[in-house]
Structure formats: C-alpha cells, structure tokens
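What follows is a short report on a single structure.
The numbers here are math on the coordinates, done by the rules we state, and not lab data. Keep in mind it's a predicted model, so treat the numbers as computed, not measured. Don't worry about glycine lacking a Cβ; one is built from the backbone with ideal geometry, like all the others, and counts go over all protein chains shown.
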Number of protein chains: 2
Amino acid sequence: MKLFGYWRSSATYRVRIALALKGIDYEYEAVDLLAGAQRSDAYLKTNPLGLVPALEIDDGPALVQSLAIMEYLEEIRPEPSILPGGAADRAAARAIAAMIACEAQPFMNIGTQNYLKTEHGFDDAAMVKWLNHAPRDTMAAVEAMVARTAGDFCVGDAPSIADCCLAPQMFAAARFGVEIADFKRLHEINERCLALPAFEKAHPKNQPDAPA
Amino acid sequence: MKLFGYWRSSATYRVRIALALKGIDYEYEAVDLLAGAQRSDAYLKTNPLGLVPALEIDDGPALVQSLAIMEYLEEIRPEPSILPGGAADRAAARAIAAMIACEAQPFMNIGTQNYLKTEHGFDDAAMVKWLNHAPRDTMAAVEAMVARTAGDFCVGDAPSIADCCLAPQMFAAARFGVEIADFKRLHEINERCLALPAFEKAHPKNQPDAPA
C-alpha cells in the first residue's frame, strides 16, 4: 500500500493513526499542498477531488476520503478493531468521526481558508470569527457526546475511528486558534491518545515531509 | 424507531432513502428548522449538535449523523444491502457518500448560508459564488469518480449509500443554484434513483411536514 498525504493534513493524519493502530506497513508519498501538487495532472488521476489522503492498493484505483479509507482498513484488517462492539456504540463512534469530518474540519481546511481570504476578503479577525463558529460549536457538541459514550477514549476504553479523528482535530484547532480550553473531556481523551505509540508514529511532526 | 427530521434537509433525506430501501418502518417527528426547533432544550438532549436527523432507537441515546445512521441500518438490517460486495467497491461507495457529506453539503446548508449572510455580509452574488466553488468542485469530482465505478447506480448496478447521498445532493444543488448541467452521469444516475419507489417515498415533497 502507498499512502499519498501531507504531514499536517488532518485527514491524512486520521488515516496514519488507523494504519498504525492496526500495524499495517505502507509506503508514504508526500503531496506538497503548499506547492499545489494536489492539483497536478498526475495526482488528479489518483484523486479526482485533488485532496489528500489517497491510498493506493494492489487491485483497482486508489481509495480516497479518510472515513472510507478507515472503514476499508477495518474490513481488510479487523484486528485490532477501530470500531467498538455493539451496533449502537459503533454508530456513536462513527457519529463522532462524522461530526469532526463533516461539521468541523471542512470549514477549517486550508483550501476553504484561502478561498475565503482571496475571494471573499476575509481578514484575520473575520477568519478567527469564522473558525470559532461551526468548528467550535461542533467540538462543543462532541464534548457533550463523549459525556455519554467515553471511557478512556471517545467511545469506551479502546481507541476507535472517533479517536482517529479527534486527535487531528485537536491538533488543527490549536493550530488555527479555535478556542478549545473549555473542552476538558476532549483534552483528557486526546492526552491518552497522544500517549499511545500509534498516535506518536502518526503525528505530523514525525512525518518525512515535516520541516526539520 | 423514530426519525427526527425536516422535509427539505439533505441529511434527513439520505436516511429516509436508506430506511425505505431496507423496508424499515419508522415514526417521523418533524423538527421545524425555520422555527429553530433544532435548538430547543428538548431537541438538544436528542442531538447535542442541534442538527437533523436523529434516529431514536429502543436501547440507548438517539443516533446522530446521517453517515453513521446509514451504517447502523446496514448492520441491523443487512438485506437489501446499501453497500456493494467487495471491500474496494464498498470503499468507493463510502468515498462518494463522504465527498458529498464532507466536501459539498456542509458549505451549502442553511446554517452556513445564514451565518455567512448575517455575520459576514454575503449578498446574493457572493452566495452564488460561494455555492459554486466547493460544492460544485466536489460534484465535478463525483462525476469523475462515477466514471470509474458506476453501472446503473453510483457503484455498480444497485443503489448504495452513495446514491442515498447523491439524490439529496442533486435536489439541494438545483434548489440553491449550483451549476450542475454538465454532470451528465450524475443526472442519469439520479433519474434512475428517482424512478425507484424507495426514493419516491423518501422525497421531500412526500413528507408530512412539506407544505401542501
């Protein structure tokens, strides 16, 4: 398998965590988002949406979209599982993952931020306000969700697809100035995540394309 | 089961299609988004994020997030399946669903549009430009994806979770003036979807809270 990604991309970071939790080895090819490599003809053949990550597999076109890739990894390598036992708990883990992937991250990603700056004239103050609206509201809702579902991790006592999304979201939120100090449960869970070797291996700072 | 939803909500519409494809009976409780019912104390206990849909089940808190709810329905009622056979095809169906749910719809939803209008001064021209950026680009990428994966439907010859997301996305795109005339494959697939009784039953116009 070959993972196309970028060290600081939230969605790539999610997939790296899932790969590491499952102990799956892979090649890594950096796609330099700052240089626009995601819009090159070659990369668009891999992922028509021009986003990272993409996962090249032996049979067929590369897989895209982090949520779909993590479900694929769960299917081909069920143990250790990144979905809890029990259909309702699995739904809760997938719901937290989807809240982050659908209701928080899209508003924060660099493409969205750059578009709002260049095409809609957002200055720094407007951007801070924007980032502290939907992304922050969503994280507040995740804080409320985990009050129902968490043990040591977002749902129960093992890391799941929800935690694969939470750690990158906490990283991105801190980076972009989203006010997350109040989210005590999310901080506690995130610290437990970051203490695990799989999360350490997957961390942006430990990727080959991270600045030295 | 009781589905909390809104007739014109894309995410509710997705779940209604999945329920109808699987022949699952359910109660329906309308949450009037225009009246702000999604932010009532009672509803926030059901869904802390204040979004529709939510699916009340017999055991435990209501399920939230359309992608997670559809996966839950697939687990408790596997037939007819809304995931194709084969891990790579399932990944493709989930990827198309995620593209729509993460990279198109969030930028179009009423909450986002209202926020951009009231807090960031978007006028009609700015909104049309906004809606024809990320949502349209994403639909162009879905058009490219289905060129690889489609038979009669988005992935192969049976409706899947991808089609559960596509039909509501086409409905919303038309409603909000996203330029989709060029997406010939998506139109063809959508027409096949709309001809199925399950999609007809789930259509916004056929819901109890739709205007007469």
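Odds and ends about this structure:
- Simple Cβ-charge dipole of chain A, Lys/Arg +1 and Asp/Glu -1, about Cα centre, in debye nearest 20: 280 debye
- Cα gyration tensor category, rounded, prolate or oblate, for region A:39-137 with a/c compared to 1.5: oblate
- DSSP beta bridge pairing in region B:2-80, given as percent antiparallel to the nearest 5: 55 percent
- Net charge of neighbours whose Cβ lies under 10 Å from the Cβ of A:F183, counting Lys and Arg as +1 and Asp and Glu as -1: -1
- For region A:2-80, fraction of C-alpha pairs farther apart than 17 Å, in %: 39 percent
- For chain B, built as a Gaussian network whose Cα springs stay under 10 Å, the top-fluctuating residue of B:Y43, B:Y28, B:Y115: B:Y115
- Using a 7 Å Cα-to-Cβ projection, A:R148 label spacings across copies, nm, ascending: 3.6
- When +1 charges are put on Lys and Arg Cβ atoms and -1 charges on Asp and Glu Cβ atoms, the dipole computed for the protein assembly as shown relative to its Cα centre reaches about 480 debye.
- Placing a label point 7 Å from Cα along the Cα-to-Cβ axis, B:G111 is separated from the same position in the other copies by 2.2 nm, shortest listed first.
- With a Cα cut-off of under 24 Å and a minimum spacing of 8 residues unless on different chains, the lysine pairs in chain A number 8.
- Phi angles across region A:168-179 convert, under the Karplus curve 6.51 cos²θ - 1.76 cosθ + 1.60 with θ = phi - 60°, into 3J(HN,Hα) values of x, 5, 5, 4, 5, 4, 5, 4, 9, x, 6, 7 Hz, Gly and Pro given as x.
- Number of partner chain Cβ atoms within 10 Å, mean per residue of A:107-114: 2
- Between region A:52-75 and region B:185-212, the alpha-carbon centres lie 30 Å apart.
- DSSP bridge orientation in chain B - percent antiparallel, rounded to nearest 5: 50 percent
- Enclosing the Cα atoms of chain B in their convex hull gives a volume equal to 123 cubic angstrom per residue.
- Comparing A:H133, A:H120, A:H187 in a Gaussian network model of chain A (Cα springs below 10 Å), the most mobile by mean-square fluctuation is A:H120.
- Average partner coverage of A:84-93, which counts Cβ from other chains inside 10 Å: 5
- In nanometres and ascending order, the distances from the A:E79 label point to those of the other copies are 2.9 (point 7 Å from Cα along Cα→Cβ).
- Under a model in which nothing but the beta-carbon of Lys, Arg (+1) and Asp, Glu (-1) is charged, region B:107-212 shows a dipole of about 40 debye around its Cα centre.
- Within the listed set B:A125, B:A150, B:A20, the Gaussian network model of chain B (springs between alpha-carbon atoms below 10 Å) gives the highest mean-square fluctuation for B:A125.
- 5 Å-binned pair-distance histogram of region B:83-198 (Cα, whole percent): 2, 12, 23, 22, 16, 11, 7, 4, 2, 0
- Over the protein assembly as shown - Rg/Rh using Cα atoms and the Kirkwood inverse-distance radius: 0.93
- Summary of the geometry: region A:125-164 and region A:1-37, compared by the centres of their Cα atoms, lie 22 Å apart.
- Shape of region A:131-198, Cα gyration tensor, a/c cut at 1.5: oblate
- For the segment A:55-64, counting C-beta atoms of other chains within 10 Å of every residue's C-beta and taking the mean gives 4.
- Computed helical MRE - 222 nm, chain A, DSSP H runs ≥ 4 contributing -39500 (n - 2.57), nearest 500: -16500 deg cm²/dmol
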